[in-house]
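Report on one structure; see the data block that follows.
The values are calculated or read from the model by the stated rules, or taken from the named source; none is laboratory data. Predicted model, so just to flag it, every value in this text is computed and none were measured. Positions of Cβ are generated from backbone atoms using ideal geometry, with glycine treated the same way; all protein chains shown enter the neighbour counts. Heads up: the accessible areas ignore ligands, DNA and RNA and are worked out on the full protein's heavy atoms, side chains in. Shrake-Rupley method; radii C 1.70, N 1.55, O 1.52, S 1.80 Å.
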Amino acid sequence: YGEFVLDARIRSAGLLAQLGEVDAALSKLQMLLEQGVNGERNIQIYLAQGEVLRNAQREKDAMAIYNQALEQAPTNTDLLYARALTAERLDMLELTESDLLKVLRHEPNNANALNALGYTLADRTSRLQEAKEYILKAAQLLPDDPAILDSLGWVYYRLGEYEKAIKWLSKAFNKMQDAEIAAHLGEVLWVSGQLDDAKKIWQ
């Protein structure tokens with residue numbers, strides 16, 4: 001295929017999945033794989049399959065796809081990053097960490113990987129200082145990214161530094177009115193005694 005044809009076919013499978021036709025989308029992507037495009041293009045198809053499965057909450061199936069793809073391309077950072085996020089949802093935190101560290105070995109300034117590792121450590125472990133270092137490095141690289149600002153607020157909350165937590169979470173929420181950011185900000189406001197503000201954010 002020409003690049004544009006493949007992109008269009010992957011996109012059309014993504015649209016099918018959004019319309020709830022998950023199995024039809026997956027078989028369309030599988031057909032593309034079986035038509036034997038080259039390795040680099042195959043990775044795009046694997047990533048699309050994984051995304052369809054993750055969006056459908058079929059994390060175990062997504063994990064199987066990423067495992068298969070990584071056998072063919074063990075150092076591909078997009079695949080490692082996608083598998084890390086899927087592993088986190090499956091409570092496979094050691095795999096999450098090792099995949100993200102592999103990404104960072106190849107791309108030390110990958111802000112998304114730094115943020116994902118820092119947030120996972122902040123949210124799911126007691127390794128808070130380490131978490132903060134990863135998130136601060138991500139914030140230096142992408143200072144206005146709402147997901148990174150949210151992580152920064154969350155690690156300060158977990159460290160008990162509520163004023164800093166509220167500052168960064170408010171900044172994140174002003175940039176993107178996202179449900180997860182709102183949940184975090186509301187929780188910190190509530191714990192620090194600002195009950196009315198917390199209720200407003202949650203609403």
Criterion: out of contact with any strand residue (DSSP E or B) (no Cβ under 8 Å at 6 or more places or on another chain), in a helix (DSSP H, G or I) and modelled with pLDDT under 95 - qualifying residue of I201, I148, I181 = I201
query = Does L169 satisfy the condition of being crowded, with 18+ Cβ neighbours inside 10 Å, modelled with pLDDT of 95 or more and within 18 Å of N110 (Cβ to Cβ)?
reply = no
message = Tell me yes or no: at least one residue of the stretch 128-136 is under 21 Å from Q177 (Cα atoms) and either part of a helix (DSSP H, G or I) or in contact (Cβ under 8 Å) with a residue 24 or more places away in the chain (or both).
response = yes
ask   = When only residues in the stretch 30-49 that are among the hydrophobic types (A, V, I, L, M, F, W, C) and under 25 Å from D99 (Cα atoms) count, which is least open to solvent (accessible area, probe 1.4 Å)?
value = I45
Search result, residues across the stretch 156-187 that are in contact (Cβ under 8 Å) with a residue 24 or more places away in the chain, under 20 Å from Y134 (Cβ atoms) and over 22 Å from the mean Cα position of the chain (by Cα) = L159
message = Quick check on L70: is it modelled with pLDDT of 95 or more, in a helix (DSSP H, G or I), over 18 Å from R11 (Cβ atoms) and within 17 Å of the chain's Cα centre (by Cα)?
response = no
task = Return the pairs, sorted by first residue and then second, in which the second residue is in a helix (DSSP H, G or I), the first residue lies in the stretch 50-65 and is open to solvent by 80 Å² or more (accessible area, probe 1.4 Å), the beta carbons are less than 7 Å apart, and the residues are 6+ apart or on different chains.
result = N55/A17
note = Among the residues of the stretch 94-116, the number that are open to solvent by 50 Å² or more (accessible area, probe 1.4 Å) and farther than 21 Å from Q140 by Cβ is 2
